[in-house]
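In what follows, a structure is listed as structure tokens, so that the remarks can point back to it.
Values in this text are rule-based calculations from the coordinates and carry no lab data. Here the structure is a predicted model, which is why all the values come from computation and not from measurement. Backbone-built Cβ (ideal geometry, glycine too); neighbour counts: all protein chains shown.
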4 protein chains.
Amino acid sequence: MSNSYGTLFKISTFGESHGPAIGVIIDGCPAGLTIDEAFIQSELDRRKPGQSKITTQRKEDDTFKILSGVFEGVSTGTPIAIVIENQDQRSKDYSHIAEAFRPSHADYTYQAKYGVRDYRGGGRSSARETAARVAAGSIAKMFLRKYSVDISAYVSQVGDIKAPHFSKLDLSKTEDNIVRCPDSDTAEKMISLIDQVRLDRDTIGGVVTCVIKNTPVGLGEPVFDKLHAELGKAMLGINAVKGFEYGSGFEGITLRGSQHNDEFYNDGGNIRTKTNLSGGVQGGISNGEDIYFNVAFKPVATIMQDQDSVDKNGNPVTVSGKGRHDPCVVPRAVPIVEAMAALVLTDFVLRAKSSKV
Amino acid sequence: MSNSYGTLFKISTFGESHGPAIGVIIDGCPAGLTIDEAFIQSELDRRKPGQSKITTQRKEDDTFKILSGVFEGVSTGTPIAIVIENQDQRSKDYSHIAEAFRPSHADYTYQAKYGVRDYRGGGRSSARETAARVAAGSIAKMFLRKYSVDISAYVSQVGDIKAPHFSKLDLSKTEDNIVRCPDSDTAEKMISLIDQVRLDRDTIGGVVTCVIKNTPVGLGEPVFDKLHAELGKAMLGINAVKGFEYGSGFEGITLRGSQHNDEFYNDGGNIRTKTNLSGGVQGGISNGEDIYFNVAFKPVATIMQDQDSVDKNGNPVTVSGKGRHDPCVVPRAVPIVEAMAALVLTDFVLRAKSSKV
Amino acid sequence: MSNSYGTLFKISTFGESHGPAIGVIIDGCPAGLTIDEAFIQSELDRRKPGQSKITTQRKEDDTFKILSGVFEGVSTGTPIAIVIENQDQRSKDYSHIAEAFRPSHADYTYQAKYGVRDYRGGGRSSARETAARVAAGSIAKMFLRKYSVDISAYVSQVGDIKAPHFSKLDLSKTEDNIVRCPDSDTAEKMISLIDQVRLDRDTIGGVVTCVIKNTPVGLGEPVFDKLHAELGKAMLGINAVKGFEYGSGFEGITLRGSQHNDEFYNDGGNIRTKTNLSGGVQGGISNGEDIYFNVAFKPVATIMQDQDSVDKNGNPVTVSGKGRHDPCVVPRAVPIVEAMAALVLTDFVLRAKSSKV
Amino acid sequence: MSNSYGTLFKISTFGESHGPAIGVIIDGCPAGLTIDEAFIQSELDRRKPGQSKITTQRKEDDTFKILSGVFEGVSTGTPIAIVIENQDQRSKDYSHIAEAFRPSHADYTYQAKYGVRDYRGGGRSSARETAARVAAGSIAKMFLRKYSVDISAYVSQVGDIKAPHFSKLDLSKTEDNIVRCPDSDTAEKMISLIDQVRLDRDTIGGVVTCVIKNTPVGLGEPVFDKLHAELGKAMLGINAVKGFEYGSGFEGITLRGSQHNDEFYNDGGNIRTKTNLSGGVQGGISNGEDIYFNVAFKPVATIMQDQDSVDKNGNPVTVSGKGRHDPCVVPRAVPIVEAMAALVLTDFVLRAKSSKV
């Protein structure tokens, strides 16, 4: 069950980086949804490699094919299977790691867990798998449009360069630059830093912030499946993620309750909160205010430098990145964060249908 | 399904703060485990209210009764049901919030989601429910002893007072003081701060850090059910939690890959890493190094001060905490964090049994 | 996961025949349902032992207590926990089987699977566990009333004595006699047969037929979770059941398609079928016609006669039923069949809410 | 969730009869299993149309492609995706039913449930989907070989022609004739009957019996997920199935307990039963004896005769089968029954790994 996510809007992904194809089955998409194939492609294009000088130069068109579940452009309620063929496989690039464990990759743990692994390009542990999530997430976004839910992620930090607070940003400008930071000044600095890191044959970490507007009140389940707990799991399941915080997050620790509490008021018939340190979620359930959260990404593990390691037999080896890799993962992570957020919300919209008799 | 956690070692909790009882069913506990009832009680005692001057003075003995699944002191493989009766209900304390929504509590969202709620003491959203998790977690700990897994949580921050890094602490000293910080100097400062906050009729946030030693290699599932993703979900499901990070966490953002990567070496036949910024998890799977993570708790929402709010009909009201509440939740959260970590690891130990033919 | 049933309206039962209590958690009951405690008791009374001369004389009041999930008589959307204490335990009756395996009971398989078992009264494998299902099913029935769904089970066969086809019966008369067959002539013969079997210190099998009227169109999921497949699983999960058939069932084998097909017609605006060999289910989904199915129960395994067997060490032993047992299980199985049917339908009503956008 | 089956060895199928492809993801196949592609093909060939004069003449090669989860011929523990393209689509054959509801098909219920449907060849409700199950089941069979489990299904009844009891048959002869009945005399009669039915432009029902030898003791879970309950659900999920019985089944009703009970004896150190009316399952758990069960199939709904029906608007129409259909489904159902049985057993083998500490 490790390869499925969701309860009612459930996705199951498959595929390795250098196998014939990757893909996803969406089980539970309600019937009657118009499926916009151009939108799916545009979302995949936001994630695909080779977009700009600060992303990997690996070329994958990431064109997809829908095999089932859609008839005459409309979802039928049956599983929607989407396949993306792997085109630019270049397996030869990876022969050097067939036996060696790359530092801070999943090579060692997969080998230990399974006794066998497809080492080509990281196999199943490759971030290539996230293309399948983006495809599924794009359909979740189509569903959420019916509720006017708006999900906007952007790069808020690269290394120690931080963007202003989201309330001071125009999130419609995220796609205006290659680093996907809506503040152009910050974006420029981020791009310079990433470019320098790339020239240093190194990598750097960053933060993706996500803001969700117009969430219906009442999404999320008490106790274990809290809305923010599922968002957290979904984000922590993305490759290279090391942390998740929502609302006041780690900074909220130093506040007092009298500073942190969000007082309610009546806003022309709607119950609203004066402040929003809760991040739009109270007791695990959405309250209608903006949901916002931060996702921390570590520096990419593949660097173009020699590193000490061992091989399968425990013998010392030297490994170094080859081929084409991202110096910083966050620009391409933006659509992945949005996709996973869309999947979480869609699932909770469907689950909420059974809250009351 | 919102009230269950786990796939093979699955717990389902029930109960409201002021109903007749709370409890838990553990489904999937393997047969043949000796059940140490004294240990269950000792874990519940670490969580129970009224332990010290810095916790709520509410009195609950939290004595439990096993209704099933244990025969002659040994688990039988059938569901273990544990019930804890609610003794000190004092429902009258809560009449003032029957109609009003307390700021930053779950009152409003439950009302909106369900159209009805047991308002007494927060009902299902009360942290009282976590006693059931601690009881279940204590059985998970018994199971993990067979694998020598050692889970130690402690308070690493209260407000802006931080303990030294865990590598400099003697985690066996956590229970030596009432705030559960193993560094006595820091503990003293934390206690003073909490006491001051209490006198101010206010509350304060904090951090619980958890360190897990001797984890078997190979726990965790790729893609969605990564070990750290499940730990994150489990922690974010605890009341008042706002953030989770593991390994280098949010601080890792500013590092470069060449600084962050954990190189492998052969330690007398065992493959180890020289550093451990990965936090014991690579590609979502344990690598045998120490797992460590931080859990951020917001200041408790109930404060002994007047706050603006609205009632069910949207009319303005003033609410203020009454009765007995914690000025800071982290000391009592320590056993809850450990319990949830134990549940996550136990589930993955069982799941790992099917990794290979 | 073996002790839970359902996806959205999910029950988890616990308890052994001679432990302190049995019970059930219902997770997913929508909020706002009025809970009729008298009805729960009346359903439990239909199942309880000691009702008549043809059932076991064991006395259990089967009084229940709701521990959570209901506030001021209404479901709150949180888990409903129901506990039934075991009163008449008489563990001494079972000392003789502590080591021996009773023929056609679960003693041997439990011992082999778990290495340990609560042998008292069959422990977890006792049909006493079904009281928990009946309690949960009674709440499902309350939910289904909102959809006017009517579930009626009755005894249609005991040994070789068969009742007329259900279309010729007045199902409101099922409770008029102790064998729960709505045809009084047949009932009399059945009672005589069971009484004779009892005097012979033996047992006999039978069939429970269930008819469900007013099912909404569209319940059930294609492929694996077909409506009749879930009904089948639910029925086969009842103790002593050996077979399940719906609609034309095993008799339909000999028909030709031209005889078996149910032609559609327009009944004043409603699409109906002229015949109903489909049993109200087509392609796994309800079509609005009556659902009907048969459940075959084997003769109770406990007989008051000496039988050859072996003990835990493989040594030959003679075992014989002691105490108080049912000569025929079907009269008491009627409310259990109804309860499981109610749980299946309720779950599908909730699942159907996500069929369309 | 309607399109997945299994808990630890979990399959998710997708695809419509006349879409681009059908397929399946297997999630949870343990790593290290040698994948025999020729065997997968041979199983698909047993199910494919066009095998003989008594099956549909529709031509589908049913060639498959593995997209993931297998590396150098061995399973890697990651999802195994298998795709089978639809070659012989002939959508034009189905234009006549775009608006009309075929009697005893899923046309009406799908339309009512989803508001939209892919009407071509029955779309998702087509038995074509079972090819995906057979592919997955063939991998389950490879896994079960390691436990020497042997699953043999055969046709035991067509119309009113019955084969002798399975204990009198040589099950290795099932594939010797086109009807898949191991008794050649019976087979001949069955073939004649089916041929006659076909000439009558009609269809006929039948029974598939399945015998499973060498099942390990201890498979199956108590209460809801009993071994026979899962087998029942799996079989009832196959298209056109109306009934399931195991062991003594419906005939066991008329027996007395003293006739029905299976006494234990010590067979050279192994605990065995003298008789096997239990059908190899006691208390829902395998006891090591042969498991056997019957699956009832109704006559195929598509007949080459005019039938009354209605269209989407409720207007009366006449429909008649066109194209190429099976006069009797049971010969091709044999590998499907085996596949589902293999999936059930494999899942329980994996689940049993957690029974004891």
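A few remarks follow.
- As a length-normalised measure over Cα pairs under 8 Å and 6 or more apart, the relative contact order of the stretch B:4-352 settles at 22 percent.
- Each copy carries B:Glu72; placing its label point 7 Å along the C-beta direction from Cα gives inter-copy distances of 5.0, 5.1, 6.9 nm, listed from smallest up.
- Across peptide A:325-332, the mean count of Cβ atoms from other chains lying within 10 Å of each residue's own Cβ comes to 1.
- Look at the dipole of the stretch D:172-305 built from charges on Cβ: of D:Pro299, D:Gly218, D:Asn287, the Cα furthest out on the positive end belongs to D:Pro299.
- Of B:Lys173/B:Lys242; A:Lys274/A:Lys353; B:Lys226/B:Lys353; C:Lys113/C:Lys312; B:Lys168/B:Lys213, those spanning more than 19 Å from alpha-carbon to alpha-carbon: B:Lys173/B:Lys242; A:Lys274/A:Lys353
- Between amide H atoms placed 1.01 Å from N, distances below 5 Å from D:Gln282 occur with D:Asn287, all of them 5 or more places distant or on a separate chain.
- Rough spin-label spacing in nm, given labels placed 7 Å along Cα→Cβ, for B:Ser167 and B:Thr318: 5.4 nm
- Neighbours of A:Glu221 by Cβ distance under 14 Å: Lys/Arg scored +1, Asp/Glu scored -1, total +4.
- Position C:Thr318, label points 7 Å along Cα→Cβ, spacing to each other copy in nm (shortest first, one decimal): 7.4, 8.5, 8.6
- Charge-dipole axis of chain A as Lys and Arg at +1 and Asp and Glu at -1 on Cβ define it, positive-most pick from A:His96, A:Ala342, A:Thr174: A:His96
- Where trypsin sites (Lys or Arg not before Pro) fall in DSSP loop in the stretch C:39-109, at most 15 other Cβ within 10 Å: C:Lys53, C:Lys59, C:Arg90
- Rounded to whole Hz, the Karplus (6.51, -1.76, 1.60) HN-Hα couplings of the stretch C:67-73, x for glycine and proline: 9, 6, x, 10, 10, 6, x
- Rounded Å value of the spacing that divides the Cα centres of the stretch C:101-146 and the stretch C:304-350: 8 Å
- Cα centroid separation, the stretch D:216-247 to the stretch A:216-276: 44 Å.
- Computed magnitude of the charge dipole of the stretch D:4-352 (debye, nearest 20; Cβ of K, R +1, Cβ of D, E -1): 460 debye
- This ranking places D:Ser320, B:Ser354 by how few other beta-carbon atoms lie within 10 Å of each, fewest first, which gives D:Ser320, B:Ser354.
- Straight-line cross-link partners of D:Lys59 among the aspartates and glutamates, defined as a Cα under 17 Å from its Cα and at least 8 positions apart when in the same chain: D:Glu16, D:Glu43, D:Asp45, D:Glu85, D:Asp88, D:Asp93, D:Glu129, D:Asp326.
- Shielding by partners for peptide B:13-23, expressed as the average number of C-beta atoms from other protein chains within 10 Å of each residue's C-beta, is 6.
- Rg ratio (alpha-carbon, reference 2.2 N^0.38 Å) - the protein assembly as shown: 0.90
- Counting every other Cβ atom within 10 Å of each residue's Cβ, C:Phe101, C:Phe39, C:Phe166 order from fewest to most as C:Phe39, C:Phe166, C:Phe101.
- Amide proton proximity set for A:Leu67, modelled H, under 5 Å, gap of 5+: A:Ala81, A:Ile82, A:Val83
- Sum of -39500 (n - 2.57) over DSSP H runs of 4+, divided by residues of chain A (222 nm, nearest 500): -7500 deg cm²/dmol
- Inter-chain neighbour count for D:280-291: the average number of beta-carbon atoms from partner chains within 10 Å of each residue's beta-carbon is 5.
- Integer Hz, Karplus 6.51/-1.76/1.60 couplings in order for the stretch D:146-151, x for Gly and Pro: 5, 10, 6, 6, 10, 10
- Shown for the stretch A:42-90 is the translational diffusion coefficient from the Stokes-Einstein equation, using the Kirkwood radius over Cα pairs, a temperature of 10 °C and a viscosity of 1.306 mPa s: 126 µm²/s.
- nm² value of the averaged projected area, convex hull over the Cα atoms of the stretch B:1-138: 9.2 nm²
- Here's the picture: charge each Lys and Arg Cβ at +1 and each Asp and Glu Cβ at -1 in chain C, and of C:Ile26, C:Gly252, C:Gly205 the one pushed furthest to the positive end of that dipole is C:Ile26.
- A:His260, D:His165 arranged by Cβ crowding within 10 Å, fewest neighbours leading: D:His165, A:His260
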